[in-house]
Each structure stands twice: as C-alpha cells, then as structure tokens.
1. Taking the Cα centre of each part, how many Å lie between the range B:69-134 and the range B:9-25?
2. Pairs A:196/B:58; A:69/B:317; A:71/B:257; A:69/B:196; B:69/B:196; B:58/B:196: which are spaced more than 29 Å apart, C-alpha to C-alpha?
3. Please report how far the C-alpha centroid of the range A:304-377 lies from that of the range B:256-308, rounded to the nearest whole angstrom.
4. Per residue, how much space in cubic angstrom lies within the convex hull of the C-alpha atoms of the protein assembly as shown?
5. Please report the Cα spread of chain B along all three principal axes, rounded to whole Å, starting with the longest.
6. What is the dipole size for the protein assembly as shown, taken about its Cα centre, with +1 at each Lys and Arg Cβ and -1 at each Asp and Glu Cβ, in debye to the nearest 20?
7. With springs only between Cα atoms under 10 Å apart, run a GNM on chain B and tell me which of B:92, B:205, B:371 wobbles the most.
8. Please arrange B:200, A:15, A:155 by counting, for each residue, the other beta carbons lying within 10 Å of its beta carbon, fewest first.
Protein chains: 2
Amino acid sequence: MTYPLLNRLRVVESSAFIAAPLAGLTLAQFGADVIRVDMIGGGIDYMRMPRMPQAGGKGRSLYWTALNKGKRSIAVDLRKPEGRELVQALATAPGPDAGVLLTNIGTPWLAHEALAARRADMISCTIQGNGDGSTAVDYTVNCATGYPAVTGGGSRERPVNHVLPAWDIACAYQAAFAVVAAVEQRRRTGAGAELKLALSDMAFTMLSHLGLLAEAELLQQERASIGNHLYGAFGRDFGTLDGGRLMVAAISAGQWKALVEACGIAGQVAALEQRTGLNLGDEADRFACREAIAELVAPWFATRTQAEAEGLLEARKVCWGRYSTVGELLAGDPRVSLANPVFERVATPGIGEHLAAGAAVRVASMEREATLPAALLGTHTDQVLHEVLGLDGAAVGWLHDAGVVAGPERDPTAGAGSGAGACARA
Amino acid sequence: MTYPLLNRLRVVESSAFIAAPLAGLTLAQFGADVIRVDMIGGGIDYMRMPRMPQAGGKGRSLYWTALNKGKRSIAVDLRKPEGRELVQALATAPGPDAGVLLTNIGTPWLAHEALAARRADMISCTIQGNGDGSTAVDYTVNCATGYPAVTGGGSRERPVNHVLPAWDIACAYQAAFAVVAAVEQRRRTGAGAELKLALSDMAFTMLSHLGLLAEAELLQQERASIGNHLYGAFGRDFGTLDGGRLMVAAISAGQWKALVEACGIAGQVAALEQRTGLNLGDEADRFACREAIAELVAPWFATRTQAEAEGLLEARKVCWGRYSTVGELLAGDPRVSLANPVFERVATPGIGEHLAAGAAVRVASMEREATLPAALLGTHTDQVLHEVLGLDGAAVGWLHDAGVVAGPERDPTAGAGSGAGACARA
C-alpha cells in the first residue's frame, strides 16, 4: 500500500543500485510521482541478480523490480546532448510540486549548479560514496566501521562481513528525509537546497550516534567480539530439542524477570548473584555474567521443542524471536502475508504475481492506494514527455526516430507475435 | 553541525533505546526543537552501556548521551496524573510548528486519540515492536529475516547475528521521514496524521524491497551463506603481507576492469573464461566464478604490504576499503576527524570533550549551526514549562515541590560543594 501524503510531489531519479533507488521508492510509497530515468536498454544495475530464468537466465531482475515499484520509467540515451537536455528539463520543470532531483550519479550535467541555473528553487539530493566524490560502496565502507571485526566471533584479522547492506538502507531513508525537509522548507520560504549525503558519512556518523566513537576516544577501549550475545545486557540464541533456534533478549528489568520466570531459574540466579556479588537486575551486571546466565538458560531450551518453548516464552511475555530463512518466513509467519496490511500481491510485468511490500509506515484513517509494480523499462517515456514537457506527438516521434528516447522494452514473458501488446504493434 | 532546515519545528519525544531517540536526533540535527521527556532519574535506557567510569562505573551513559545530542531534556514523574497532563499539554501546545509527538512507548495516555482530542491536527508517530503492539527488539526481529542464516558462514542451525542494530537505524530514519512528510501535508491541508511503524515491518518490507521475498516465492530458492563474498558480482576481503586486510568490490564492469588491471591478472582471467565458457564481464558470471577469481587475486595481496596495495588500488581506481577497528578509524582515517565537516568537537556535561557527528547530510550554502551535546537530565524542565506552557515561577515551583517535575541532575564530574552550579544552589 502507498499513502498519498506527499501529494504527487514530482521527483526525477537518475540512479543505480540501492541507496538512491530505495530513497525514490520511499518517496513513491508516500505518494510522490517518482520518474526514474534510465539509459535505453537499462543502466548498470538493470541486470543485478537474482534474475528470472527466462532468456537463458537473463530475465528481469528481481532486485531492480523490487527497488523500482510504483515509479514511472523513462528510457533516454544519456550520452546524447538531446537526452541530457530532456532530463534537465524534466528535473527543472515548473510547478510547486516539481523541481526535485534524486541521484547517485555524479555527472556534471546533473550537478545542482546546472539545474539551479534553469530553476532557482531547485532541490537536488546527491548520494555519494565518500564526501570528496570518490567511489565507495556499502561493503568498502562497512569494513572500516569496526563492525566486521566484532561480528560473529570475527576479529581484526578474520573479520566477518554482515550481509545486509545496512548503510545503503540508512542512506536511502536519510536521503528521503532530507528531500522532504527541503520541500517543506521550500514551501515555507521559497528557497531550494543542494543536499549531499555520503555513504561513508552515514556509517561514521552512526558510530558517533551509537556512542562507539566516544567510547573509543574517552574510554580507550575496543569492543571484543561476543558472538551472538547482545552487548550491554543479556540476550543470545539457544537451540531447541528439535533443532529449532530462538533468540531471547533481556534488556529491560521486566524482560529479565520474564526470562527468569519462564525458565524457572530464580534459585540459580540468586545463587549466581551471591557467588559473584553482582546484581543481575542491573543490565551491566547481566552483561558481565552473560556466559554463566547462558549456561543456566540453555538446558531449558535444549529439553523443549521449538513449539513448546515458544508457547511458554509467549505466555510469560519474554522478548523472543524465531530464526528462520526467507523461505520459512514466507511460508509460516503471518507478519509476512496478506494478513499484514503492509503486504499485498502485485503483478510485475515480465515476472508475474508475487507478494510485495508497500510503505512500512501505516497512516491511520488515510485511504491506502495499491502498491504498483515496477514498470517495464521505458513504459512511461511518451506519457512523461507529453505530460511534463508538453511535447506533442510529432516531437516525441522525432525523439524516438533520432534514438534519443525509447518506449517500453519487450516483455520477456510475452510469446512472440502473441498477446495484445504484440497485436497492437502490428 | 546541524542545519536550520526544519525551522524549529517542535517535537515532543517520549522514548527509549535506539529507534525513536535516533529519529528525534535526526529531526534535531535538521533544526527541530526536540524536547525529550524522561522519567525523573532517567528512563529504562538511561544507564545503557558503555558508561563513564565515575560513580563506581555508573557515570553517564555514552549511549544515551550520543543519541540525545542537541535535544532539550525535561524530567517528569510520568506515573503521576499531573506529570502525564504536562506531557500531553506540551505535545499538543498550539502553533503551526508544534503538535508533533514521537514515541516508542505504547501507553494509552499518549495514544493519538487522547492527543487529537486536545489538538485536532495532531501528528503522532509511534514506533512499535510488532504491528499488533507486541514487543520485539532489533535482535528478535533480525533472527527472523534470514540474514543470520547467511552471515559469516552461518547456517540455519548455526546462525550468525550481525552486531549493527540495522533495523533500529532504518526505523529511526523512516520515522523521521514520515514525520516530516506529515508536517508537510499539514502545512498544505491542515490535517494531522497518526503514524505507526513496527520494527518487524521495517525488516520484512526490506526483504521485499531488496528482492529477497520475490526470490524465495518465485524462484523457490534460499540463498546460501557465502562468507565474506558479496552476492551477485565479485567482491571479498584479502589479507596483506603485513597482516592488514582489505575489501575489494567489482560490481560494475568498470570496477572489474580496474581490479584485473591493478592485480595484473588479465591473462589468467582470459584463461579462466576459456576454461569455463563464462564471460567475466557479466556480473552473474563473476559471481559464479568467485572462488576461482579470489584464487587469482589473493596472491597479489599476500605479497604486498597494506600500504603498497592501497596505493596501487587507488592509482587504478579500484573500489576498495580498509578493515579497521573503531579505535584505528579514529586514530587514522581523516573521514572521522575535524577534516570532515560533519564532525566537530563537543563538550558533553558530565563526560567531557569528544568528537561527535552532526547531520550526515550536507546542505550547500546553508549556514551550519554547532552540534550541541546531550544535556544533563532535566536541564530544560523549567525553561520548557515556562516557554511552551506559559507557567510562571510559582506554578513551576509548585510542580517541583509536588515531585511532578525535576530540574537538572547533578553533574557526576563536578566536585562536591564546588563549581558554580553547587554555589548557586547553596
């Protein structure tokens, strides 16, 4: 579902990979009209894995279509001056709800200065690798944050990369936030804004916001890798009798009390406190005693099936979660199904019908709109040129003939010569 | 640095832990007046580790102070009806730039309905664990996403938790985005909004947005754990002669060409292509051949020092990054220093001076304001009661006497009986 909160704010997106496209998706799912501009035939992220099996394994990308749900797609030859002129014109088109560019492609012809010369109150948001404009990706930033040295029993010498592209995700949402803040300011003051956000700044500022930088500077200490334990309180994963795996967290005093009660270890905990002189009601003391606590808790899980353990944890209001794979989640967790209003089924051209998510935020009492799938590349080329730039059929035809723009690509799942689309072209 | 983009938009934050406080920090660093409300003596996150060594290891929390930079702090007895009345009054105070509540505390007296009864155009944003209001934290959500089963050589049976609280971070930025979008809408239409965002929805929608849900549903495949390799192209970490460790990524064709040239392996790559019949210019073929490629690349790193390797990679414009700990980053990476405008030195009361980050976003041509540190708890109690609610000295005095509110806590670094603060109280 999407919400019409942003009132068809028009955002032109010239992007690739995750951060900028996810920022555009976020805006689109809050009701913005996001026009994604791509090179004819697709940009460098157009065939990212996983791909559908059609066309010898070169069917549509499930990655690209996931990140471009509900955007309009236009295909332009970005190497040609006429193509660049079109994109500049789209980004700077008049109107209070237009004049916003979102990009991670640091090309001079899309620089803020060039656009602001055409529209003084232009808002542009450029996502960079590093703040100096040099290249960096999530993986080459994350390695520097210190996280791989403390993840999964890793070390400085044998770091463990996490798989989630967390900095890309953070960057995307931060960029969407910054764009809307700038739009809000423009509505108040009339002023545009040039916004820049580097992936490495996203990661390194987070080290400050979570206290790790001050810890390293003021306490002169490096965190050790503590495997699957959580830092600063008690929490870890435990295996069940039947091979299941559950995560429990006892961060607050209430959560700790619930865990102790559920596992029936109040006596052992009291003995542990007496032996160590620590107060396990204090989160820091729980953290200090984490291995001893885990030894008390583990047998409880090891002698129960996953279903039994879950039922008992739930009854005691323990904070717990089940480990699952994506397939298991999809097969068995109602939070990832039509029972959850943030999910619905969409039919993506060239792919088929599948479960897909709208905005994670729910807006009470606002009418939801359906989440639209990612269009075939170039689906909206003619519509956008006509609607936004006012080009007539002859002008649009000339742009096609000159190879400056292209219409919808062929649906790889459509049979040759069959189907309505093919008939309409004949 | 912070930017006055949000024009002193007033946000009342009643929160704990990461997601809601980080959302508030994000708003504050874009110029909002964020008033964090805490229980007298501090809420459940007030002593989160790491802590300063004063007071027998119970000095100020570097975690709490990191997440609450630049907010105003008021201390209220939230168990008392008069305390709750004050917070409701603050959240619903009149003015076009007020009337915004940010919370992750699902208490009835802060429910949207209760506030909207006092201010019809109220905007509230509630961060939840699960959408049904049940408890979940980052760790108990992340285990269900499938990521721990594929991180760091982990498996379904031996999952590896990543350490970064990525879903909390994503939630925070998404919430800040949603709040500003609602403010923008209110400025246009006059309507308020009730926003809800569940941590689990944040995580599970991301599985859709990154294509993993569609992959599991349509291709019926689960991703395997591939250690430190990146998915879908080529990228991995390599050790250097002197015990250093570097990450390289060859996602785009240009990045791949640069890596092949830097390592001087063009001939071996051509031979590998001939042997396998694959085209390593295609990212999916690189992914299929990742182990063989890593074997070609590894000796180049193993026979060079880290400094030599970095110089050569940089000269060829390879996409690379250095592994470091937080301490190493702080000691040696100019991106985490005053050379980077997103960082500055702040003096946090009760802690001292340290490097801290402002907004990661840079706004060209807008005057930056200094990043303010986290205040001592209750520092702004009297100021806020007077300024926002118009209470006079007598009324504020009564609230203190009745134990409904409290002023600034004692600075744990101030000597007993010394210092201006102590004198003023005498």
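1. Here the answer is 11 Å between Cα centres.
2. Numbers: A:196/B:58 39 Å; A:69/B:317 33 Å; A:71/B:257 32 Å; A:69/B:196 22 Å; B:69/B:196 24 Å; B:58/B:196 35 Å.
Those over the limit are A:196/B:58; A:69/B:317; A:71/B:257; B:58/B:196.
3. That distance is 39 Å.
4. On the way: hull volume 144.4 nm³, N = 852.
Convex hull volume per residue, Cα atoms: 170 Å³.
5. 86, 53, 47
6. On the way: 76 positive and 88 negative charges, 30 e Å.
With Lys and Arg at +1 and Asp and Glu at -1, about 140 debye.
7. Between B:92, B:205, B:371, it is B:205 that shows the largest mean-square fluctuation.
8. Ordered by Cβ neighbours within 10 Å, fewest first: A:155, A:15, B:200.
Read-outs: derived from the displayed coordinates by stated rules, not from any lab. Because the structure is predicted, anything quoted here is derived from the model rather than measured. Cβ coordinates were reconstructed from backbone atoms using ideal geometry, including for glycine residues, and neighbour counts include every protein chain displayed.
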